[in-house]
1. Could you pull out the residue among 80, 113, 70 that is assigned to a strand (DSSP E or B), over 23 Å from residue 175 (Cα atoms) and touching a residue at least 24 places away in the same chain (Cβ under 8 Å)?
2. Is it fair to say residue 181 is touching a strand residue (DSSP E or B) at 6+ places or on another chain (Cβ under 8 Å), surrounded by 20 or more Cβ atoms within 10 Å (Cβ to Cβ) and in a loop (DSSP other than H, G, I, E, B)?
3. Regarding residue 77, is this residue surrounded by fewer than 14 Cβ atoms within 10 Å (Cβ to Cβ) and under 30 Å from residue 156 (Cα atoms)?
4. Mind checking which residues of the range 199-222 are in a helix (DSSP H, G or I) and surrounded by fewer than 20 Cβ atoms within 10 Å (Cβ to Cβ)?
5. Taking the range 1-35 as the region of interest, how many residues are more than 14 Å from residue 61 (Cα to Cα), in contact (Cβ under 8 Å) with a residue 12 or more places away in the chain and in a loop (DSSP other than H, G, I, E, B)?
6. Give the range 137-158 a look and list any residue that's at pLDDT 95 or above, buried (at least 24 other Cβ atoms within 10 Å of the Cβ) and over 17 Å from residue 176 (Cα atoms), or say none.
7. In this structure, is residue 225 over 30 Å from residue 173 (Cβ atoms), part of a helix (DSSP H, G or I) and either outside the structural domain of residue 195 (by TED's automatic domain parsing) or at pLDDT below 95 (or both)?
8. Looking at (1) over 17 Å from the mean Cα position of the chain (by Cα); (2) buried (at least 16 other Cβ atoms within 10 Å of the Cβ); (3) under 30 Å from residue 288 (Cα atoms), find the lone condition where residue 99 falls short.
């Protein structure tokens, strides 16, 4: 069985080259081809001898993402990709253009175990974790296709990043490596639905990324109805982990809050949320909930969102409303993969 070469760190690749009887500097050349130039085959590595390329071909695989479907928004040029992996599975990524550059939202799993009621990602079920190379390839393939440089990453696509902890941590190390794309940790956001054990493991790494928490409710009753993970780690446990995280890292946490009509958007919910977050280094990002065919949730109306904002701000909580991008191409998580799987069935 061949080794997944794109999942090897530079130090691991150097050890592999030494085992093959090659000079260690060859590893840096190969690593640069894979992670700076986005090479999809060994034949592209033209400054490496033909013999070494043949040896690499015999021992290693380069796992790439092929573009199964590509949708471009007519409103804001947001691009949504449906990628097919080497084993035929499908994942999604979204590229968004901002004033500061291009941001990509990447997936960390094929499907999702968490079962959040308002999300399309888990409807088709969980299949497997993504390898390091498969997370990286989403970025490399998008850059190559669009002829752009990605400057920011959000791990908010399909899957729970902290449920694929080891591969995600290695991905973060490799994507920020100066020998690769060298995207700084401060330009990376990681979103979790509240895997408390994972938050503490992440805290130990003392990374300077932005941690986003999918909170979506001010109390256990509402959160357990919409997010099954709350039955494992309730809000008190989750918020304690968040306070510990901000204290240890000095990094502000972003709380994602999907505004769902008649579920979590009342003035009382806003007051309760403000009370729970009081004194924490954080801000709240309100998100008009996406319409999902299999669910009956509707987004809150503008008047209620405005009222929610005023209450939070009056209580000293920093709050923003997420800009909606790619609304005409179903750019939210899971919708394109779900549609393609339904066609296959």
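1. Working: 80 fails: over 23 Å from residue 175 (Cα atoms); 113 fails: assigned to a strand (DSSP E or B).
Among 80, 113, 70, only 70 is assigned to a strand (DSSP E or B), over 23 Å from residue 175 (Cα atoms) and touching a residue at least 24 places away in the same chain (Cβ under 8 Å).
2. yes
3. Numbers: surrounded by fewer than 14 Cβ atoms within 10 Å (Cβ to Cβ): yes; under 30 Å from residue 156 (Cα atoms): yes.
Yes, satisfied.
4. Of the residues in the range 199-222, the ones in a helix (DSSP H, G or I) are 199-205, 220-222.
Passing the criteria: 200, 201, 203, 204, 205, 220, 221, 222.
5. Total satisfying the criteria: 3.
6. Hit for the range 137-158 is 142, nothing else.
7. In short, yes.
8. Only one criterion is unmet by residue 99, namely (2).
The values are calculated or read from the model by the stated rules, or taken from the named source; none is laboratory data. Source: prediction; values computed, not measured. FYI the Cβ positions are ideal-geometry reconstructions off the backbone, even for glycines, and counts take in every protein chain you see.
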